[in-house]
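Report on the following structure.
Coordinate-derived values only; no laboratory data. Just so we're clear, the structure is a prediction, and the values are computed from it rather than from any experiment. In this analysis, Cβ positions are derived from the backbone assuming ideal geometry, glycine residues included, and neighbour counts consider all displayed protein chains.
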Amino acid sequence: MHRILLHTSDSIHLIPKSDILYCKSTNSYTTFYFVNRQPIVVSRNIKEFEQQLIPFNFFRPHQSFLVNLEHLVKIDKAHGYFLILKNNIQVPTSSRKKKELIQILHSQLQIQTETKRIQI
């Protein structure tokens, strides 16, 4: 299991990366939102976490957000390319990130399809 260390003023949290739904940046603070626990706020900007999380299927659709694509349910194209995560959480996608997102999703789908063909 891959974990991330989140340092707060009173604790160090060891969180499985797969439990992270998304991260939201506000100035030099990042709030981590999870599947089954309360959010955690850390006093580091989102860019510091981006490089740690991108290899684990995270995507930065907007300058203020970092999303775990494992929790992506759908993309709402009708209202500006919002990513809809579990629990109906909506995360905006900047116009310049749309193409990159679609490429990532297509490549993941292709890998999954090839893996299934090999197993059969």
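Given the DSSP H assignment, sum -39500 (n - 2.57) over each helix run of at least 4 residues in the chain and divide by its residue total; what's the result at 222 nm in deg cm²/dmol, nearest 500?
Dividing the helical sum by the residues of the chain leaves -8000 deg cm²/dmol.
Could you check which residue among V42, V67, V91 shows the biggest mean-square fluctuation in a GNM of the chain with a 10 Å Cα cutoff?
V42
Anyone know which of F49, F58, F32 comes out most mobile in the 10 Å Cα GNM of the chain?
Of F49, F58, F32, the Gaussian network model singles out F49 as fluctuating most.
If you place +1 on the Cβ of every Lys and Arg and -1 on the Cβ of every Asp and Glu, how big does the dipole about the Cα centre of the chain come out, in debye to the nearest 20?
320 debye
Can you give me the P(r) profile for the stretch 1-95? Cα pairs, bins 10 angstrom wide beginning at 0, each as a whole percent.
Taking all Cα pairs of the stretch 1-95, the binned fractions are 16, 53, 27, 4, 0 percent.
Dipole of the stretch 3-119 (Lys/Arg Cβ +1, Asp/Glu Cβ -1, origin at the Cα centre): which of L66, L109, P55 lies farthest to the positive side?
With unit charges placed on the Cβ atoms, the residue in question is L109.
How much length, in nm to one decimal, is gained on full extension between L5 and Q103, taken as 0.36 nm per residue of separation minus their Cα-Cα distance?
Separation in residues times 0.36 nm, less the Cα-Cα distance, equals 32.3 nm.
Looking only at I54, I46, I12, which one moves most when the chain is put into a Gaussian network model with springs between Cα atoms under 10 Å?
I12
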